[in-house]
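K.L.:
Sharing a structure, written as structure tokens. Questions coming.
Coordinate-derived values only; no laboratory data. Computed from a predicted model, the values in this text were never measured in an experiment. Note: ideal-geometry Cβ built from the backbone for every residue, glycine included; neighbour counts use all protein chains shown.
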């Protein structure tokens, strides 16, 4: 009897000792499968050791890798004006012209100028993460007040060299705060003037071997599908907007080179510099004049890799290798095949997959017919 | 300051006892007491916009100088460097790296609330003391107006009410002692700062935040948290976009200012043995010479 009791005791003690280990093993290692690809441990988001659904003890907005990149968004998705009324007892609500500011940010870092750490698919408002009070458990994160002011004043200070409250905050009635003869309401509803991008710019440079640089601005944007910020990276609001000095629109030689070098770092000087003005880009100048089907395509449909556009093989199968008689609608070539020819393999007519040449029908038909006079279907006239 | 001679000596005795007890702990931990749980403030001069709201809040909370609030919008004050005075416990000044004169940044100065304050060490009557919460607290009813604190402070912070004939006080930033210890609030300047360039918290947490900011924005800051080690560490600490040599903050050793003087003085009076030995020796000499004298007198009497 004693022995049994002793065994029970030992077993009980062992179970107790091992209990924490087993519970560790049972803890769901992947409670958030959507975050599996992100290098995170539980403590990145949860402040307690064992978060539950009832008490998740979430840290305010962890800045994990998945949130480092703000996705591309359109201005039309964003609100035009935002009313910020958190301290309506002291000031009138701040009428923040979001549209105007977002338009200006297009020359800076786009939405990410202000909306840092946003997930790819959405842009949360400031107060989603920044609370009304300074968070004593997370001193790294400013409160809503700090977040707003940091965003606004970092540019406004450079723009107006002023930090007066009444630039944004109109005093509430009966608050005792005195307005200082500055009215910001005139800015509400204003839209940023459309920035007209130049068609072509010709620079005359001191470089003797190639003094003329012809830069097709619009064509560059369209050809390479560029956003303003891809080249104009360091141009924050105050680059153009400063109440005390005129807009600094001309760039220094270093600044211009730095912009081009984003893509052209490894190119020779002659890539841009020439002795005379250059014509704009035509695809024919590359040795491949685009036919009626290719003309309508976006450059990126064929030249997808990165920023640089590389020369492609002009062999059809280099791009269209996936086509066969099953999935290719021959009618797009202008010739709808008859039933008999539809059954055949591509190579039966296009010997060695030479699609650029008109097939020779004599391989099958010994009556000397040609595709032009006795087509293997109907020519479609559009 | 209503203090008579008798009270003064009573207080002097009490103060020196208190100091001795306080410092005993300091000596245990080597250089200074452990201040990691003290309250402090991290001043991020890269975030500061120089709006001078902190000056306004401090004036309304403490000095009540009667300056109109609009006067704190005046940026022309940056043309010359100002120092804290009896009517302004904190002032904001503007600085720039001489290599980049256009990149100006602003920095508020006030009492640094040192971990081991030289002013408290110099004070004869214990009118200044380092509170366990962090602030270096001034008790004007103890003060005898010797102004040793003003000489001792490496940051030249304490100022004096020279214009007062009766009961002049030493004036300096209080770290809003009552606000932070009794009311559970942040100091007035921290609470008003619109950009939250001032962060209030325990010293240890602030240091974590400071090093995190330097690590995540190495382009924005120099890798130096002023006050982490200077003068044995201070409760108020600074981050800056350029070397601190360009600012008015002095270059200081890492050892606490009172270390040298206190080592000498405490050494001399250690367990009261050196004085006892000295006086004992003197007594012995006296005694021996007196005996000789007595004997010689006796012998002369015999003659």
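K.L.:
Only counting other Cβ atoms within 10 Å, I'd like B:141, A:323 sorted with the fewest neighbours first.
P.N.:
Listed from fewest to most nearby Cβ atoms, that is B:141, A:323.
K.L.:
At q = 0.16, 0.20, 0.23, 0.27 Å⁻¹, what is the base-10 log of I(q)/I(0) for the range A:320-379 according to the Debye formula with one equal point scatterer per Cα and no solvent? Please give it to two decimals.
P.N.:
-0.49, -0.78, -1.07, -1.50
K.L.:
While we're on this one: Pairwise over distinct Cα atoms, reciprocal of the mean inverse distance: report the Kirkwood radius of the range B:69-128 in Å, one decimal place.
P.N.:
This gives a value of 14.2 Å.
K.L.:
May I pose another question? What is the order of B:36, B:271, B:288, fewest Cβ neighbours within 10 Å to most?
P.N.:
Going from sparsest to densest Cβ surroundings: B:271, B:288, B:36.
K.L.:
If you take the Cα Rg of the range A:126-167 and divide it by 2.2 N^0.38 Å, with N the number of residues, what do you get?
P.N.:
The reported ratio for this selection is 1.31.
K.L.:
Which whole-number percentage describes the relative contact order of chain B, with Cα contacts under 8 Å and a sequence gap of 6 or more?
P.N.:
23
K.L.:
Could you list B:149, A:165 so that the one with the fewest beta carbons within 10 Å of its beta carbon is first and the one with the most is last?
P.N.:
Listed from fewest to most nearby Cβ atoms, that is A:165, B:149.
K.L.:
Cα-based Rg of the range B:206-292 per 2.2 N^0.38 Å, rounded to two decimals?
P.N.:
2.04
K.L.:
Something else about it: Across peptide B:194-202, how many C-beta atoms of other chains are within 10 Å of each residue C-beta, on average?
P.N.:
Mean shielding count: 6.
K.L.:
Shielding of A:141-148 by partners, i.e. mean partner chain Cβ atoms within 10 Å per residue?
P.N.:
Average neighbour count from other chains, rounded to a whole number: 3.
K.L.:
When Cβ neighbours within 10 Å are restricted to other protein chains, what is their mean count per residue of peptide A:149-159?
P.N.:
Per residue, the average neighbour count from other chains is 3.
K.L.:
If the chain between residue A:160 and residue A:138 were fully stretched, how many nm would it gain, using 0.36 nm times the residue separation less the Cα-Cα distance?
P.N.:
Separation in residues times 0.36 nm, less the Cα-Cα distance, equals 4.7 nm.
K.L.:
Residue B:141 versus residue A:208, label points 7 Å from Cα toward the beta carbon: distance in nm?
P.N.:
Spacing of the two 7 Å Cα→Cβ label points: 8.8 nm.
K.L.:
Taking 25 Å as R0, compute the FRET efficiency from the Cβ-Cβ separation of residue A:355 and residue A:226 and round it to 0.05.
P.N.:
In this case the efficiency is close to 0.15.
K.L.:
Also: Can you tell me the order of A:46-52, B:46-52 when each peptide is scored by its average per-residue count of other Cβ atoms within 10 angstrom, highest first?
P.N.:
Output ranking for A:46-52, B:46-52: B:46-52, A:46-52.
K.L.:
Output the peptides B:156-165, A:150-159, B:86-95, B:225-234 sorted from most to least packed, where packing is the average of other Cβ atoms within 10 Å over each peptide's residues.
P.N.:
B:225-234, B:86-95, A:150-159, B:156-165
K.L.:
Can I get the semi-axes of chain B's equivalent ellipsoid? Compute them from the C-alpha gyration tensor as square roots of 5 times the eigenvalues, in angstrom, largest first.
P.N.:
Gyration-tensor ellipsoid for chain B: 47, 23, 17 Å.
K.L.:
What is the distance, in nm, between label points placed 7 Å from the Cα along the Cα-to-Cβ direction at residue A:327 and at residue B:266?
P.N.:
A separation of 8.3 nm, rounded to one decimal place.
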